[in-house]
Structures are given as structure tokens and as C-alpha cells.
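Quick notes on the structure that follows.
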Amino acid sequence: MLFFFRLMGRLPLPLLHALGWLLGWLIWLLSPTYRQRWRDHTAQAGLAGRQRWASVGAAGQQMAELPRIWFGAPVPLRWDGAQHIEAALREGRGLLFLTPHLGCFELTAQAYAQRFGVQPEGQSGGQAGQANTDAAAVRPITVLYRPPRVAALHPVLQAARERPGMHSVPTDLSGVRQLLKALKQGQTVGLLPDQVPPAGMGVWAPFFGRNAYTMTLAARLAQVPGTQVLLIWGERRRWGRGYVLHVRPWIDVVGAPLAHEPQAAAAQINQAMQAVIGYCPAQYLWGYARYKG
């Protein structure tokens, strides 16, 4: 399986995106359950017209691009808002990146690791864009790792998510402790807060006007003293031309500090994810079972 992913990673990005578009439509046509969930979720969010239909192919592109992102040559990448990261790192603050299942979310942690997570002499540009010139600001990133249900995919994901400047931890209590420790040490953590948590590790909060079981972990991490929350998403450019990594401070998007009470904090985080999704709604994974619980 790993050999197949490495082989697919050699294909040009435009070809992968074209194949992914076809794959997205094939899954949509062949799976009534997925198709109904997509219809319900896009209707709930008020997504209509061209953007709604474009999300079908975009979901397939999200899968097809992974071999290239994980194992292929660097992809064209432009940063929008990297100065927010640089400022926080210079201050020695912990950083919490929050991103929904939007665009190429796998690229966000990887690109950060290449640009900010390793020593400058270990970087060669490419996917990382402009090299980091401040050695004092080098901080690795730690992300949660959920073992795949298919055993054959385990070595693939392990190889993809363990790289210089990037560490993965399991989705259990030990992993949570490592995330908290990383932030307390002024390092960086990445999280997808719209991922449905295990029973007992979330609260019900509105997401596009409907209650969704929402993790409380994101708020716990955000409330570690000194932590700055940044919203980040990897927008996919058309015709395989690469990606734009957008970075925005929490306060600029939400307009208010994060609440301390878990229920209110979860609602604010869902509000932030809605705002981020609004920048490119056609690239959100609307078929994700967000409302299960």
C-alpha cells in the first residue's frame, strides 16, 4: 500500500485533481447514504448553486491529492498571513492552529513544519515557501493521529505524518497530555475542531444552525496560558495550480475572546469554523458525518 501511495505521489497535481474530481462524483453517484448526507448538510448550511455542486468533485480532489502531498515533490504554495505566525513565534508563545475539514487541511501542518518547524539550514524552500531566517523562532508542530480502520493504511499514515518538525500523537489521554505539554513549552499544536469526539469528550453546540457534538479539547488547549489561537486553512487553486495557506488570528474572525465555559467556548469554535468555511465553501467536506453523536 505504501508503494502504491508513493507511486501515485509522482503524478502531476493537475492530473490528480482531475482524477479526484471524477472520484468525487463516482462516490456521490454510487453511495445513497453519502449523497443524502451531502444533501442534508449543504441544505442546512444554505449552500446552493454552483458552489454546492462543485463540492462534490472537490471532496474527491481532497482524497486524490494526498499521495502527492505526503510523498511527492513539493507543490506550489503561497502563504497569506504568515506574519501572524512569525510574530507569535518571536514572542515564544504557544500556537494553536484550528482548521476544519476544508481544502487541503493535511497541507497546513506539513507546510508549517517545513517553514517553521526545522532549523533554517535544513530547509530547501519549495513547499515551505520563503525560508525561516530566525533560528530562535523554530518550533515543531504536534498533531493528533487517529489510527485508520484499515490496517494496511497504518504504515502509510505513519510515514506521512512523521517528518522533521512535525510529530503525531494518538487520540487518547496520553496524546492530549502531549498536546498540553507542547503548548506549555511554547510549541505549536494543530487540531481539526469539527471532528466528532468520542462520547463524553464533547458538548452539543450549534453548527450551521443545528446542534452538533463538538469536542471540548480545542477550548482546553486554547486556554493554556500564553497560547495564541490562529485559524488556518489550505485553499486549493483551480486546475492544479497549487494552494494558498491562509492564516488569521482568532480575534479577527470571531471578534471576541474565547469563553471559559465549555458550552459557550464550543459554540464560539463552531462559529469560527463556519466563518472559515465561508471563505471557500465549495471545498468543505460536506459529506462528513458531522452531526452524529
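A short reminder: the numbers here are calculations on the coordinates, not readings from a lab. Quantities reported herein were computed from a predicted structural model and do not represent experimental measurements. In this analysis, Cβ positions are derived from the backbone assuming ideal geometry, glycine residues included, and neighbour counts consider all displayed protein chains.
Once you've got the GNM for the chain with C-alpha springs shorter than 10 Å, pick whichever of R161, R50, R146 has the biggest mean-square fluctuation.
Taking springs between Cα atoms under 10 Å, the residue moving most is R50.
How big is the dipole moment of the range 210-268 about its Cα centre under a simple scheme where the beta carbon of each Lys and Arg is +1, that of each Asp and Glu is -1, and everything else is neutral? Debye, nearest 20, please. Walk me through the numbers on the way to the answer.
Details: 7 positive and 3 negative charges, 88 e Å.
Dipole size: approximately 420 debye.
Between rounded, prolate and oblate, where does the range 1-50 land on the alpha carbon gyration tensor, with a ≥ b ≥ c its root eigenvalues, rounded for a/c under 1.5, else prolate if a/b exceeds b/c?
On the way: a/c = 3.13, a/b = 2.13, b/c = 1.47.
Prolate, because a/c is 1.5 or more and a/b exceeds b/c.
Taking only the alpha carbons of the chain, what extent do you get along each of the three principal axes, in Å, biggest first?
51, 45, 35
Mean-square fluctuation check for the chain, GNM, Cα pairs under 10 Å: which of P164, P193, P147 is largest?
With Cα springs under 10 Å in the chain, the top fluctuation among P164, P193, P147 is at P147.
Between R237 and A259, how many nm apart are label points set 7 Å from Cα along the C-beta direction?
Rounded to a tenth, the inter-label distance reads 4.0 nm.
If you rank R90, R290 by fewest surrounding Cβ atoms within 10 Å, what's the result?
On the way: R90 11, R290 25.
Ranked by crowding around the Cβ, least crowded first: R90, R290.
Of the beta bridges DSSP finds with both residues in the chain, what % are antiparallel, to the nearest 5? Walk me through the intermediate numbers first.
Working: 15 of 36 bridges.
Just about 40 percent of them are antiparallel.
With +1 assigned to the C-beta of every Lys and Arg and -1 to the C-beta of every Asp and Glu, and no other charges, what is the dipole magnitude of the range 76-283 about the Cα centre in debye, to the nearest 20? Don't skip to the end; give the middle numbers.
Values: 19 positive and 12 negative charges, 62 e Å.
Magnitude of the dipole: close to 300 debye.
Would you calculate, for the chain, the mean residue ellipticity at 222 nm contributed by helices, counting each DSSP H stretch of 4 or more residues as -39,500 (n - 2.57) and dividing by all residues, to the nearest 500?
On the way: 12 runs with 129 residues, N = 293.
Roughly -13000 deg cm²/dmol at 222 nm, from the helical runs in the chain.
Compute the separation of the alpha-carbon centres of the range 1-70 and the range 203-270 and state it in Å as a whole number.
If you average the Cα positions of each part, the centres end up 23 Å apart.
Can you put M8, M1, M273, M215 in order of Cβ neighbours within 10 angstrom, beginning with the fewest? Walk me through the numbers on the way to the answer.
On the way: M8 18, M1 12, M273 27, M215 22.
In increasing order of surrounding Cβ atoms, one gets M1, M8, M215, M273.
As a footprinting exposure proxy, order R78, R10, R37 by other Cβ within 10 Å, with the fewest listed first.
On the way: R78 14, R10 11, R37 18.
In order of increasing Cβ crowding within 10 Å: R10, R78, R37.
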